Amino acid sequence: MATLTLNASTLKPLGDRVLIKISDQDEKTAGGIFLPDTAKEKPQVGEVVAVGPGKRNDDGNLVPLEIAVGNRVLYSKYAGTEVKLGTEDYVLLSERDVLAIVQ
């Protein structure tokens, strides 16, 4: 039986979905206190590593996504599906759950 190895380069999102690498969180506060995992807030910023082809409109035409690979984005706090690939954390979500591109 073949073994399937998943990583960010082997995943291609479908439709209007995007794969975002979640940004690392601070391990300690500004005052130097280390935070346990239970006290950390869920990050909402990450880098787009893969995008789907887009979504079809009512006429059947493919509308490409406004988001591109390499964009740093702000996304909804509880949106999407979290995925762990190797040692990295990612979130797979719809383009409508992306709130802004961080410049």
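The values are calculated or read from the model by the stated rules, or taken from the named source; none is laboratory data. Keep in mind that this is a model prediction, so the values were computed, not measured. Ideal geometry is used to build each Cβ from the backbone, glycine not excepted, and the neighbour counts take in all protein chains shown.
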Original post:
Going through segment 94-103 one residue at a time, which ones are in contact (Cβ under 8 Å) with a residue 60 or more places away in the chain and exposed (fewer than 13 other Cβ atoms within 10 Å of the Cβ)?
Top reply: R96
**OP:** Please identify the pairs in which a residue from segment 80-93 that is more than 22 Å from G15 (Cβ to Cβ) has its Cβ atom under 6 Å from the Cβ atom of a residue that is crowded, with 17+ Cβ neighbours inside 10 Å and of a type in the set (A, V, I, L, M), counting only partners at least 6 apart or on another chain.
**Re:** D89/I22
**OP:** Examine segment 54-72 for a residue that is assigned to a strand (DSSP E or B), in contact with a strand residue (DSSP E or B) (Cβ under 9 Å, 6 or more places away or on another chain), modelled with pLDDT of 95 or more and surrounded by 13 or more Cβ atoms within 10 Å (Cβ to Cβ), and state whether such a residue exists.
**Re:** yes
Original post:
Is there any pair linking a residue in segment 44-57 that is farther than 12 Å from V18 by Cβ to one that is charged (D, E, K, R) and surrounded by fewer than 16 Cβ atoms within 10 Å (Cβ to Cβ), with Cβ under 6 Å and at least six apart or on different chains, and which?
Top reply: Q44/K77
**OP:** Kindly indicate whether any position in segment 24-37 is modelled with pLDDT of 85 or more and in a strand (DSSP E or B).
**Re:** no
